[in-house]
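Visitor: One structure is given below, represented as structure tokens, and several questions about it will come after.
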């Protein structure tokens, strides 16, 4: 009960702190995103260590993408390559890149994971309170679409919140209570949902 109350309080504060977001320039973002596509424009490309497929960004929430890049800039998220790439971007470039990537979508597709998707669905109720049914309709543009994302990336992200490599109070509160099998099951469930997330290939 204390865990649920603390998460509810944290979510309430987070929602209250949301600020207005100015949409970026899609065409300028396309030009600025060229370096991103070396990794994010190759379907199924894997991070070397730890090993996970590099996430699909096409069709992702625009504001979430901008916040993610800023988190790499500030050190809230730790990944040497992403920190180096994001560190070289201005606020305007970040906003434009986010606008471009968000504008891309594809035919609905789902991904298979190693976990038990049925078990993951049973455990996903808390997640869907923010990320929406099936992880496909987040309640705010600052939260990512989970549906159809690579399950191994979702598991990597949840493990990062659990370990503190990703520093987000709300997500750490959720992830800290998850076992390794819980994480794999949730990743399998959300990855198995159809969505329009994609890896941009026609850039």
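Please treat every number below as a calculation from the coordinates, not as lab data. In this text the structure is predicted, and so the values were computed from the model without any measurement. Ideal geometry is used to build each Cβ from the backbone, glycine not excepted, and the neighbour counts take in all protein chains shown.
Visitor: Once both labels are modelled 7 Å past Cα along the beta-carbon direction, what's the residue 46-residue 139 spacing in nm?
Guide: Using points 7 Å along Cα→Cβ, the separation is 3.7 nm.
Visitor: Between 0 and 90 degrees, rounded to the nearest ten: what's the tilt of helix 151-163 against the longest Cα principal axis of the chain?
Guide: Tilt relative to the chain: about 70 degrees.
Visitor: May I ask you to compute the full-extension gain from residue 109 to residue 76, defined as 0.36 nm times their residue separation minus their alpha-carbon distance, rounded to one decimal in nm?
Guide: 8.9 nm is the gain from fully extending residue 109 to residue 76.
Visitor: What angle, in degrees between 0 and 90 and rounded to the nearest 10, separates the Cα long axis of helix 62-74 from the longest principal axis of the Cα atoms of the chain?
Guide: Roughly 90 degrees, rounded to the nearest 10.
Visitor: Also: Compute the acute angle (0 to 90°) between the alpha-carbon long axis of helix 180-191 and the principal axis of greatest extent of the alpha-carbon atoms of the chain; round to the nearest 10°.
Guide: 50 degrees
Visitor: OK, next. Convert 20 °C to kelvin, take the viscosity as 1.002 mPa s, use the Kirkwood radius over C-alpha pairs of the range 25-191 as Rh, and evaluate the Stokes-Einstein diffusion coefficient in µm²/s, rounded to a whole number.
Guide: In µm²/s, the coefficient rounds to 133.
Visitor: From the Cα gyration tensor of the range 63-139, with a ≥ b ≥ c the square roots of its eigenvalues, which class applies: rounded if a/c is under 1.5, or else prolate if a/b is larger than b/c, or else oblate?
Guide: Here the range 63-139 falls in the prolate category.
Visitor: Pulled fully out, how much extra length does the chain show between residue 122 and residue 167, if you take 0.36 nm times their separation in residues and subtract their Cα-Cα distance?
Guide: Numbers: separation 45, 0.36 × 45 = 16.20 nm, distance 2.62 nm.
That works out to 13.6 nm of additional length.
Visitor: Restricting to Cα pairs below 8 Å that are 6+ residues apart, what does the relative contact order work out to for the range 25-191? Please round to a whole percent. Display every interim value, and only then the final one.
Guide: Values: 269 pairs, mean separation 47.1, N = 167.
Worked out over the range 25-191, it gives 28 percent.
Visitor: Between residue 31 and residue 83, what is the FRET efficiency for a Förster distance of 25 Å, r being their Cβ-Cβ separation, to the nearest 0.05?
Guide: Details: r = 22 Å, r/R0 = 0.89.
After rounding, the FRET efficiency stands at 0.65.
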